[in-house]
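Rule-based calculations on the coordinates, nothing more; no lab input. Just so we're clear, the structure is a prediction, and the values are computed from it rather than from any experiment. Backbone-built Cβ (ideal geometry, glycine too); neighbour counts: all protein chains shown.
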Amino acid sequence: MFVSYLLVFLLAGTPLVELIAVVPLAIVGGLSPVPVAILGFLGNSFTVMLLIVFVDRVMGWMRARKQKRIGVPEQVKEELQNNEEVILKQDSKKEKRARVLFDKYGLPGLTFFGPLFVGSHITAFMGMSFGSKKSLVLGWMLVSLGLWTIISAVAANYGVSFFLPNVEENGFLIRIFQ
């Protein structure tokens with residue numbers, strides 16, 4: 001039984017599998033919906049957080065490398081370190097405008113619909129690569145993953161009881177790991 005719940009945690013954190021598929025499959029397999037939803041959410045959100053931190057570090061390294069290459073003065077470097085919203089003067093007006101519009105309207109929509117269409121890990125990567133702040137991407141991703149976990153767990157739980165009323169209490173996952 002422990003192994004099946006551990007498998008839910010690990011598979012939900014796997015980028016190509018995703019919690020939207022793991023949670024309903026585990027519930028149909030006979031596992032309890034509440035622990036499955038919690039473990040699926042924790043597994044997926046843990047790897048998404050790791051990805052966001054990694055992408056943030058890589059982007060910081062690339063930003064420092066760009067500053068060094070174009071010869072940004074020390075005063076501007078200090079401003080960039082103290083205030084992350086300062087944009088380098090070499091960025092075009094279109095890039096500035098696109099970033100402002102994306103940060104203002106695009107991130108909530110991306111993080112809500114992204115896990116359904118492209119997966120949560122790619123969504124987090126896209127949010128970071130579009131220039132959003134790490135804290136905003138992380139916050140919106142956690143809200144989105146929480147909503148998708150609840151939606152998939154409730155739909156699977158009620159779907160199993162409605163469409164498959166004769167399913168035995170011990171589903172196939174429980175029988176496999178006994």
Practice problem: Take peptides 30-36, 112-118 and line them up by average Cβ neighbours within 10 Å, highest first, as a rough protection proxy. | Solution: 30-36, 112-118
Quiz item: Using θ = phi - 60° and the Karplus form 6.51 cos²θ - 1.76 cosθ + 1.60, what ³J(HN,Hα) does each residue of the range 122-132 get, whole Hz, x for Gly and Pro?
Solution: 5, 4, 4, 5, 5, x, 6, 6, 7, x, 6
Quiz prompt | Difference of contour (0.36 nm per residue) and Cα-Cα distance, L136 to I122 | solution = 3.5 nm
Exercise. Could you line up W61, W148 from fewest to most neighbouring Cβ atoms inside 10 Å?
Key: W61, W148
Self-check item: Order by protection proxy (mean Cβ within 10 Å, highest first), peptides 6-14, 119-127, 51-59, 132-140
Solution: 119-127, 6-14, 132-140, 51-59
